[in-house]
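Q: Here you go, one structure.
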Amino acid sequence: MKIHTALITIMLGLSAVSAGAKDVEYGKQLYEANCSQCHGMEGDGYGVNAEDMDVMPKDHTDTEEMISRTDADLFKAIKFGGKAVNKSVLMPNWDKNMNDDEIHAVVAYLRVLCCSNEE
Amino acid sequence: MKKMTPQHRHKLATGALMLAMASSVFSANATGIKEKIQQDCAGCHALHEEKKDDQLTQRINRKGPPLYYAASKYQKEWMQNWLQDPQRIRPGGDYFANHTVVTDEGDVIDDATLLKHPRLSAADAKSATAYLMTLDSKKELLDKQAYSAKKTSRRMAAMNFSKFKGCQACHRDEEDYGGVSGPELYTAHQRLRPEFIASYIRDPQQWEPRSLMPNRHLPDKEIHKLMDYFKILGE
């Protein structure tokens with residue numbers, strides 16, 4: 001019985017990890033399509049559109065700035081746009097481009113961009 | 001210092017191939033205009049609605065806009081002229097990320113990778129337009145609101161477009177100024193049916209499930225203000 005429980009725990013643990021990695025991968029794809037034109041292919045704020053914009057898109061690789069935002073803050077900024085978090089309207093709302101799960105995947109990717117030391 | 005991703009290199013190769021194909025405009029062996037268009041345009045343009053599961057991948061791999069609802073979207077006169085003298089509508093190509101390179105001065109579009117649209121003879125442009133104008137899918141989405149242009153200050157309208165609505169971040173309202181990921185809008189008035197413009201701004205995802213354009217939840221009055229601006233730009 002104990003072994004059985006342990007097995008289930010391990011399996012659950014494994015599947016949680018792999019789902020997380022898959023989320024980040026999907027989040028990255030969504031980020032490239034919807035965000036990189038402003039925030040840059042590398043997330044540093046230097047997207048192809050940035051040059052002619054009046055407000056610089058946020059640098060998502062700025063660890064210090066990014067850890068000052070909770071996941072809920074980021075989710076809100078993405079779903080409802082800059083205006084909803086007292087930022088520029090140049091940051092659009094993405095509520096109709098992505099469902100909530102997809103926005104969560106983008107947030108997961110933002111966390112990798114800003115705060116993982118792997119690269 | 002340009003860095004190229006493997007994906008980018010692959011796109012370059014595809015681009016060169018597409019250009020080579022584009023040099024022979026219409027297939028000599030196809031008989032009717034319909035067959036020619038099916039043969040020669042389908043490589044870049046969707047001519048039928050494809051209800052694929054993975055719409056995002058489909059959008060990312062797109063090389064040109066879908067044409068199966070051409071009649072619901074485009075102005076006939078504009079199309080016939082454009083096909084004879086095509087000017088770039090999307091400064092960053094149909095999907096900007098396939099043409100983006102990361103440089104020390106920020107991301108830029110590598111123009112060399114952009115596809116050139118083939119130029120059609122007057123006769124071909126006429127018959128191609130006549131055929132495309134029969135492709136009227138999605139016409140039920142066209143806006144039914146009455147719209148007539150209102151008197152507008154160009155300066156205020158420009159400010160509304162850039163600062164208040166933020167459209168300019170992705171769309172140009174003049175040559176060489178504004179975002180490059182979206183289609184330019186300084187010829188939108190000539191290019192697009194007004195019922196389409198209104199309907200698309202109101203709900204982009206109805207037209208394309210994975211449209212990259214956000215739905216800004218604009219009331220009709222605000223949508224019409226933008227259309228007034230396109231009219232000023234086009235005249």
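The values are calculated or read from the model by the stated rules, or taken from the named source; none is laboratory data. Bear in mind that the values here come from a model prediction, so they are computed numbers and not experimental data. Ideal geometry is used to build each Cβ from the backbone, glycine not excepted, and the neighbour counts take in all protein chains shown.
Q: Residues of the range A:66-86 being more than 15 Å from A:Tyr109 (Cβ to Cβ), touching a residue at least 12 places away in the same chain (Cβ under 8 Å) and loosely packed, with under 14 Cβ neighbours inside 10 Å, which ones?
A: Correct list: A:Ile67, A:Asp73.
Q: Among what's in the range B:121-150 and is under 15 Å from B:Leu226 (Cβ atoms) and of a type in the set (D, E, K, R), pick the residue that is nearest to the chain's Cα centre (by Cα).
A: B:Asp143
Q: Sticking with this one: Mind checking whether some residue in the range B:185-206 is surrounded by fewer than 17 Cβ atoms within 10 Å (Cβ to Cβ), modelled with pLDDT of 95 or more, at the interface with another protein chain (Cβ under 10 Å from one of its Cβ atoms) and not in a helix (DSSP H, G or I)?
A: yes
Q: Taking the conditions exactly as written (out of contact with any Asp or Glu (no Cβ under 9 Å at 6 or more places or on another chain) and loosely packed, with under 15 Cβ neighbours inside 10 Å), does B:Pro219 satisfy them or not?
A: yes
Q: Take the range B:158-182 and flag every residue that is more than 9 Å from chain A (Cβ to nearest Cβ) and surrounded by 20 or more Cβ atoms within 10 Å (Cβ to Cβ).
A: B:Phe161, B:Cys167, B:His171, B:Asp173
Q: Follow-up question, since we're still on this one. For the range B:36-81, which residues satisfy the criterion of being hydrophobic (A, V, I, L, M, F, W, C), surrounded by 16 or more Cβ atoms within 10 Å (Cβ to Cβ) and assigned to a loop (DSSP other than H, G, I, E, B)?
A: If the condition is that a residue be hydrophobic (A, V, I, L, M, F, W, C), surrounded by 16 or more Cβ atoms within 10 Å (Cβ to Cβ) and assigned to a loop (DSSP other than H, G, I, E, B), then B:Cys41, B:Cys44, B:Ala46, B:Leu47, B:Leu67 are the ones that fit.
Q: I've got another one for you. Any residue in the range A:110-117 that is part of a helix (DSSP H, G or I), more than 8 Å from chain B (Cβ to nearest Cβ) and closer than 24 Å to B:Val180 by Cβ? Spell out the reasoning first.
A: In the first step, residues of the range A:110-117 are kept if they are part of a helix (DSSP H, G or I); the result is A:110-115.
Filter once more, so that each one left must be more than 8 Å from chain B (Cβ to nearest Cβ): A:110-115.
From what is left, the residues that are closer than 24 Å to B:Val180 by Cβ are A:110, A:113.
Looking through the range A:110-117, at least one residue is part of a helix (DSSP H, G or I), more than 8 Å from chain B (Cβ to nearest Cβ) and closer than 24 Å to B:Val180 by Cβ.
Q: Something else now. Filter the range A:34-52 for residues that are at the interface with another protein chain (Cβ under 7 Å from one of its Cβ atoms), in contact with a helix residue (DSSP H, G or I) (Cβ under 9 Å, 6 or more places away or on another chain) and surrounded by fewer than 20 Cβ atoms within 10 Å (Cβ to Cβ) and give the result.
A: Passing the criteria: A:Glu42, A:Asp52.
Q: Here's something else I'd like to know. Six or more apart or on different chains, Cβ atoms under 6 Å: show the pairs whose first residue is in the range A:35-59 and modelled with pLDDT under 95 and whose second is among the polar types (S, T, N, Q) and crowded, with 19+ Cβ neighbours inside 10 Å.
A: Pairs found: none.
Q: Taking the condition in a loop (DSSP other than H, G, I, E, B), more than 8 Å from chain B (Cβ to nearest Cβ) and touching an Asp or Glu at 6+ places or on another chain (Cβ under 9 Å), does A:Lys58 pass?
A: Considered against the rule, which asks whether it is in a loop (DSSP other than H, G, I, E, B), more than 8 Å from chain B (Cβ to nearest Cβ) and touching an Asp or Glu at 6+ places or on another chain (Cβ under 9 Å), A:Lys58 comes out as yes.
Q: May I ask you to list the residues in the range B:207-222 that are more than 16 Å from the chain's Cα centre (by Cα) and in contact (Cβ under 8 Å) with a residue 40 or more places away in the chain?
A: Across the range B:207-222, the qualifying residues are B:Arg216, B:Leu218, B:Asp220, B:Glu222.
Q: Counting only residues that are surrounded by 16 or more Cβ atoms within 10 Å (Cβ to Cβ) and either at the interface with another protein chain (Cβ under 10 Å from one of its Cβ atoms) or under 12 Å from the mean Cα position of the chain (by Cα) (or both), how many does the range B:82-97 have?
A: Summing the residues that are surrounded by 16 or more Cβ atoms within 10 Å (Cβ to Cβ) and either at the interface with another protein chain (Cβ under 10 Å from one of its Cβ atoms) or under 12 Å from the mean Cα position of the chain (by Cα) (or both) in the range B:82-97 gives 9.
Q: Follow-up question, since we're still on this one. Out of B:Thr57, B:Thr103, B:Thr129, B:Thr31, which single residue is over 17 Å from B:Trp207 (Cα atoms) and within 14 Å of chain A (Cβ to nearest Cβ)? So that I can check it myself, show each step before the final result.
A: Values: B:Thr57 fails: over 17 Å from B:Trp207 (Cα atoms); B:Thr129 fails: within 14 Å of chain A (Cβ to nearest Cβ); B:Thr31 fails: within 14 Å of chain A (Cβ to nearest Cβ).
Selected residue: B:Thr103, the only one of B:Thr57, B:Thr103, B:Thr129, B:Thr31 that is over 17 Å from B:Trp207 (Cα atoms) and within 14 Å of chain A (Cβ to nearest Cβ).
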